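Visitor: The structure is given below, and queries will be raised subsequently.
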Amino acid sequence: MLNHTPYTHEKGHLEVICGPMFSGKSEELMRRLRRAKIAKQRVMTFKPSIDNRHSIEYVVSHDGNKLFAQALDDVTSILTIVHQENIDVIGIDEVQFFPTDVISIICTLIDEGKRVIIAGLDLDFRGVPFGSVPTLLAIADTITKLNAICCICGKDAHCTQRLVNGDCAKYDDPIILIGAQEAYQARCRNCFSIDKRPKLY
Ligand code: ADP
Ligand code: ZN
């Protein structure tokens, strides 16, 4: 055996599932977590809380499948819960909505030998890489990039189209639009419509 730094346990790894809305990220996350449970591993799922409270909720996919999850407003609770409950496999859904602190928490979990599986949007509605997801993609051991079906032409969809009162959203539209009717669609690159190209570099 090569004589590297001594360690007491094997490191874990990170699996990232990304793609636009409706591409099946939550379904794929749930599938992997269910299989880990069948393998008698201790599994816990987390997602960001929308109302700033720690509560017991579900990851729900767009076709109605659901899986028990802890909704958190404070990402550091992930470490506390994982240690308290001696969890082996950690699932995180909607990872793009957690603050970037989630990156160091995921790195700690990997160092501790955990299997971490995360799902999130790689791009926001403008086509800009979303929050901590690009960094997590770089750290990942495996990446699964999914497509949805374009709701305009039926081809593979790579983008998430935001609609405000039925019209394609503008690049500079505020994230929260009080009183507006908002909707999101999966669209291919051809059918995706935005008034500005993101400056990415
Ligand atoms: P994500 O987590 O990526 O938003 P989900 O796992 O929640 O995706 O939902 C995927 C499911 O959404 C599909 O299996 C399908 O039943 C449904 N669905 C609705 N609209 C679309 C679409 N435009 N393309 C693909 N699947 C869609
Ligand atoms: Zn299309």
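Values quoted throughout were computed directly from the atomic coordinates according to the rules given, and no laboratory measurement underlies them. All figures in this text were calculated on a predicted structure; none of them were measured in a lab. We place every Cβ from the backbone using ideal geometry, glycine too, and count neighbours over all the protein chains shown.
Visitor: For the chain, find the longest principal axis of its Cα atoms and tell me its angle to the long axis of helix 101-111, 0 to 90°, nearest 10.
Guide: 40 degrees
Visitor: Amide H of residue 145: which non-local residues (sequence gap of 5 or more, or other chain) have their own amide H closer than 5 Å, using H built in the peptide plane?
Guide: HN-HN under 5 Å from residue 145: 18.
Visitor: Between residue 169 and residues 5 or more places away or on another chain, which pairs have amide H atoms under 5 Å apart, with H built 1.01 Å from N, and which residues are they?
Guide: 162, 163, 164
Visitor: Would you list, by chain and number, the aspartates and glutamates whose Cα falls below 19 Å from the Cα of residue 196, excluding same-chain residues fewer than 8 positions away?
Guide: Once the sequence-local aspartates and glutamates are set aside, what remains near residue 196 is 122, 124, 167, 172, 173.
Visitor: Whole-Hz ³J(HN,Hα) for each residue in the stretch 36-46, computed from phi via Karplus 6.51 cos²θ - 1.76 cosθ + 1.60 with θ = phi - 60°, x for glycine and proline: what do you get?
Guide: Residue by residue, the stretch 36-46 yields 5, 5, 4, 7, 6, 8, 8, 10, 9, 10, 10 Hz.
Visitor: In what order do 97, 125, 130 fall by count of nearby beta-carbon atoms within 10 Å, going from fewest to most? Spell out each step's value before the answer.
Guide: Numbers: 97 16, 125 25, 130 19.
Placing the least packed residue first, the sequence is 97, 130, 125.
Visitor: Modelling each spin label as a point 7 Å along the Cα-to-Cβ direction, I'd like the residue 68/residue 165 distance in nm, to one decimal.
Guide: Result for the modelled spin labels: 4.5 nm.
Visitor: Mind listing the phi-derived Karplus ³J(HN,Hα) values for the stretch 86-92, rounded to whole Hz, using 6.51, -1.76 and 1.60 with θ = phi - 60°, and x for any glycine or proline?
Guide: Per residue, the Karplus-derived 3J(HN,Hα) values read 6, 7, 9, 10, 10, x, 10 Hz.
Visitor: Rounded to the nearest 5, what is the percent of antiparallel bridges among the DSSP beta bridges in the stretch 1-134?
Guide: Values: 7 of 25 bridges.
Beta bridges within the stretch 1-134, antiparallel portion: roughly 30 percent.
Visitor: Please list 38-45, 192-199 highest first by mean number of surrounding beta-carbon atoms within 10 Å per residue.
Guide: Values: 38-45: 14.5, 192-199: 12.6.
Final packing ranking: 38-45, 192-199.
Visitor: Continuing with the same structure: Build a GNM of the chain with springs between Cα atoms under 10 Å: which of 15, 182, 27 gets the top mean-square fluctuation?
Guide: Comparing 15, 182, 27 in a Gaussian network model of the chain, the most mobile one is 182.
Visitor: Sticking with this one: Work out the P(r) tail for the chain: percent of alpha carbon pairs separated by more than 23 Å, whole number.
Guide: Values: 9677 of 20100 pairs.
When every Cα pair of the chain is considered, 48 percent fall beyond 23 Å.
Visitor: Taking a Cβ-Cβ separation under 4.7 Å as the criterion for a possible partner, which cysteines of the chain have none?
Guide: Isolated Cys, the chain: 18, 107, 151, 153, 159, 168, 191.
Visitor: Additional query: Where does the chain land at 222 nm, in deg cm²/dmol rounded to the nearest 500, when only DSSP H runs of n ≥ 4 count, each adding -39500 (n - 2.57), divided by all residues? If you can, show how the numbers build up before the last one.
Guide: Details: 4 runs with 40 residues, N = 201.
That calculation yields -6000 deg cm²/dmol at 222 nm.
Visitor: Can you work out D for the stretch 160-201 in µm² s⁻¹ from Stokes-Einstein, where Rh is the Kirkwood radius over C-alpha pairs, the temperature is 37 °C and the viscosity is 0.692 mPa s? Provide the component values of the computation, followed by the final result.
Guide: Working: Rh = 11.2 Å.
Reported coefficient: 294 µm²/s.
Visitor: Can you put 14, 137 in order of Cβ neighbours within 10 angstrom, beginning with the fewest?
Guide: Values: 14 21, 137 17.
Listed from fewest to most nearby Cβ atoms, that is 137, 14.
Visitor: Report, in debye and to the nearest 20, how large the dipole of the chain comes out about its Cα centre when Lys and Arg carry +1 and Asp and Glu carry -1 on their Cβ. Write out the running numbers ahead of the final one.
Guide: Details: 24 positive and 25 negative charges, 124 e Å.
Around 600 debye, computed over the chain.
Visitor: Still on this structure: To check my understanding: the extent here is largest minus smallest coordinate of the Cα atoms along each principal axis. What are those three numbers for the stretch 37-140, in Å, largest first?
Guide: In descending order, the Cα extents are 40, 33, 27 Å.
Visitor: Of 109, 200, 79, how do they rank once you tally other Cβ atoms within 10 Å and put the fewest first? Kindly include the intermediate steps, with their values, before the conclusion.
Guide: Numbers: 109 21, 200 8, 79 15.
So the ranking, lowest neighbour count to highest, is 200, 79, 109.
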